[in-house]
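As structure tokens, the structure follows; a few thoughts come after it.
The values are calculated or read from the model by the stated rules, or taken from the named source; none is laboratory data. Source: prediction; values computed, not measured. Here Cβ is always computed from backbone atoms with ideal geometry, including for glycine, and neighbour counts include all displayed protein chains. We work out accessible area using only protein heavy atoms, side chains counted, and drop any ligands, DNA or RNA first. Shrake-Rupley method; radii C 1.70, N 1.55, O 1.52, S 1.80 Å.
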Amino acid sequence: LAKSGVGAPKEARASRTGLETMDLSPAEVNALVEPQMRALLAQLDADGSVEQATNLAIRLRQLLKASITIALSLDIQDVMESAISQICRMLGADRATMYVVDHVRRELWSRSARGMAPFRVSIDKGIAGYVARTGQTCVISDAYSDPRFNPSMDKLTGYRTRNMLVMPAWRDGRIEAVIQVINKMTSAHFTDVDEVMLALLSTHIGVVVGHAQQHARLRKDIDALTKMINVPTTLAAGAFESPDAKIDFLYITKEIERRARDALAWPYSKVFIVDPPIHMHKRKKSVAAGGAGGEVRDP
């Protein structure tokens, strides 16, 4: 212990580590270090425990690995699966779920496994919903004694939730996801260190989830635009391939409307054809896929 510097005055310990070279003001420290981390480090400093400091260093290395792994993909499903795996390993938890927040529908959605349809839960229900609404972290030692806990998933799966650590993942002042970690395996409940580690990782997860969703929306827009651009080409190709086919305005408008609905995932579309001689818009009557044909004129 004497060799490590534990128990020596702070000045002596600082000279051994070289950390005295960081000349930071209290305001800079507050901006750079999470409050939970400051409290944890203060406790370690007061205890002077080499074992605790070593364990913290190991956890920080796990945190760094988790951050790098989660950032390797822009696919939202890959991000969710990677985050869940890394969080369970880092915190010694049995299970975890990451919910993406849908602020428009006021829902949380996730997937239990790749290839399965996403499931959605109301933002007004459960502890995850509470965290999404309030932005507050919840550390719960007995889930069934908390009135906010929704046991419906336990009843459906036969699983028993004992304790939970539930935290929001922020990006630019907006909650992008909620991380729900269930059943600490190495102790009776989640610890202050667990909360600190997840708080540090959740900041990174919020940014990655936000970028992944932006990427997904961009890909969807590009795919829709590509399909729309290809409509005239495919219509013309069909006309040349089947010279005997009846190609008239009714056929063209019907095909354009159908392909527009498919490309943009819309239930309804219209095509207006300008009729210059009488300054009217002529359109086929269509309310949905397979709608009745006909002609309607509007001024």
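Residue under question is SER145, and the condition is that it be closer than 25 Å to THR186 by Cα and modelled with pLDDT under 90; does it hold?
Values: closer than 25 Å to THR186 by Cα: yes; modelled with pLDDT under 90: no.
In short, no.
Which condition number does ASP194 fail, the rest of (1) surrounded by 21 or more Cβ atoms within 10 Å (Cβ to Cβ); (2) among the charged types (D, E, K, R); (3) more than 16 Å from ALA96 (Cβ to Cβ) being met?
(3)
Given the residues THR186, THR161, which is the only one that is open to solvent by 10 Å² or more (accessible area, probe 1.4 Å) and more than 22 Å from the chain's Cα centre (by Cα)?
Working: THR161 fails: open to solvent by 10 Å² or more (accessible area, probe 1.4 Å).
Exactly one of THR186, THR161 is open to solvent by 10 Å² or more (accessible area, probe 1.4 Å) and more than 22 Å from the chain's Cα centre (by Cα), namely THR186.
What number of residues within the stretch 160-191 satisfy the criterion of being assigned to a strand (DSSP E or B) and not acidic (Asp, Glu)? Spell out how you get there, then give the answer.
Applying the first criterion (assigned to a strand (DSSP E or B)) to the stretch 160-191 yields 164-171, 174-184.
If we keep only those that are not acidic (Asp, Glu) too, we end up with 164-171, 174-175, 177-184.
Here the count works out to 18.
Name the residues in the stretch 132-158 that are outside any helix (DSSP H, G or I) and open to solvent by less than 40 Å² (accessible area, probe 1.4 Å), would you?
GLY135, CYS138, ILE140, ASP146, PHE149, PRO151, listed by residue number.
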